[in-house]
Amino acid sequence: MKKYLLKVYRLSKRILKRLRNYVLIAWQPVYHATGAKLECNVCKSQFNQFDSDLWHAHCNCPVCGSSVRLRLLVAALEHTEKFAYANIIQNKRILHFAPERPLGELLKKRAASYQTADFLAEGYSYKHIDHNIDISNMHSINDASYDCVIACDVLEHVPDDLKGIREVHRILNMGGVCIFTVPQKDHLKTTFEDDHVTDKKERERLFGQEDHLRIYGEDFVERMTSAGFTVSTLDENDFSAQMVTRNVLFPPILSTHPLATNYRKIFFGLKTSSDPS
Ligand SMILES: [Zn+2]
């Protein structure tokens, strides 16, 4: 009975959320005409409050579901010169890991080719995935096949993440760019990992989620440089205070969870040499 009630509760919650989204979408002309406080720079919807999740209050777009990291990335593509659409996406060959659909829509219409990748359990079908591959073993993809590879919050799931970063380096063309985000504990210097920890509950306690294999520190950049990339890091400080508030590029309320990533960063890696240094 309890199980049944829980199922009904969850279903009702989903239906209510869907209905609210329809109202928000229908209401968009009014929000745009009157000027709502906030705007999602991914789907361009406007409203006065973002949704909350288990980690952060008021950080997710109620229409497309975009998170802070995705909006930071779109802000970089729209408002920086170095990482503008025109430089790294327009007419380029893109490979997007664990693809976030709203971001994919923005990339697809600009790229020369747009392909998606994920590592899925055998027998699991997902029609939007072009390559069912492990990022740390992409033997089916030739060297220098892409100009841009995107993997947001993927590497923390990969046992040999350094091998994954090296593989991304290999499949990128010279001058190509990778874009990574990873969960990082605030102010943690050195990445914490322990491959002896296999218990799901213990992984959640130590790394933040039952399928996470580590919690990254500030040394993530070194993992990228050791794989041969020249790295640039971008965060909310690269944008005006007005844009940060309007597009919620930083949590309006900091999470007190000890493993929360309050200070999101986007890591851009430029391939400047053919072999890892
Ligand atoms: Zn949105």
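The values are calculated or read from the model by the stated rules, or taken from the named source; none is laboratory data. Computed from a predicted structure; not experimentally measured. Counting neighbours? That spans all protein chains shown, and the Cβs are built from the backbone with ideal geometry, glycine included.
Condition check: on the phi > 0 side of the Ramachandran plot and of a type in the set (D, E, K, R). Does residue 17 satisfy that?
Values: on the phi > 0 side of the Ramachandran plot: no; of a type in the set (D, E, K, R): yes.
Criteria not met by residue 17.
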Within the stretch 229-238, residues surrounded by 13 or more Cβ atoms within 10 Å (Cβ to Cβ), outside any strand (DSSP E or B) and out of contact with any Leu (no Cβ under 6 Å at 6 or more places or on another chain) come out as 235, 238
When you check residue 48 against the structure, is it surrounded by 19 or more Cβ atoms within 10 Å (Cβ to Cβ), not acidic (Asp, Glu) and not assigned by TED's automatic domain parsing to the domain that holds residue 181, yes or no? no
By residue number, the members of the stretch 57-73 that are touching a residue at least 60 places away in the same chain (Cβ under 8 Å) and within 20 Å of residue 117 (Cα to Cα) are 69, 70, 73
Working only within the stretch 167-205, note down all residues that are without any contact (Cβ under 8 Å) to a residue 24 or more places away in the chain, surrounded by 14 or more Cβ atoms within 10 Å (Cβ to Cβ) and not basic (Lys, Arg). 193, 197, 204
I'm trying to understand the selection: among the residues of the stretch 34-64, which are of a type in the set (D, E, K, R) and more than 9 Å from the ligand (Cβ to nearest atom)? 37, 51, 53
Answer yes if at least one residue in the stretch 136-156 is touching a helix residue (DSSP H, G or I) at 6+ places or on another chain (Cβ under 8 Å), assigned to a helix (DSSP H, G or I) and over 30 Å from residue 47 (Cα atoms), and no otherwise. yes
With 150, 141 as the choices, which residue is in contact with a His (Cβ under 6 Å, 6 or more places away or on another chain) and modelled with pLDDT of 95 or more? 150
Can you tell me which of 101, 69 is within 14 Å of the chain's Cα centre (by Cα) and surrounded by fewer than 16 Cβ atoms within 10 Å (Cβ to Cβ)? 101
Any hit, the stretch 214-228, residues being acidic (Asp, Glu) and assigned to a loop (DSSP other than H, G, I, E, B): yes
Apart from one, (1) touching a residue at least 24 places away in the same chain (Cβ under 8 Å); (2) in contact with a Phe, Trp or Tyr (Cβ under 8 Å, 6 or more places away or on another chain); (3) of a type in the set (Phe, Trp, Tyr) all hold for residue 31; the odd one out is (1)
Of all residues making up the stretch 6-33, the number that are within 15 Å of the ligand (Cβ to nearest atom) and of a type in the set (Ser, Thr, Tyr): 2
Do we have residue 37 as of a type in the set (Lys, Arg) and touching a residue at least 12 places away in the same chain (Cβ under 8 Å) here? yes
Can you find even one residue in the stretch 74-85 that is in the same structural domain as residue 250 (by TED's automatic domain parsing), within 14 Å of the ligand (Cβ to nearest atom) and surrounded by 20 or more Cβ atoms within 10 Å (Cβ to Cβ)? yes
Restricting the stretch 191-218 to residues that are among the charged types (D, E, K, R) and modelled with pLDDT of 90 or more, which is farthest from residue 55 (Cα to Cα)? 218
Yes or no: residue 91 at positive phi, away from the ligand (no atom under 11 Å from the Cβ) and without any contact (Cβ under 8 Å) to a residue 24 or more places away in the chain? yes
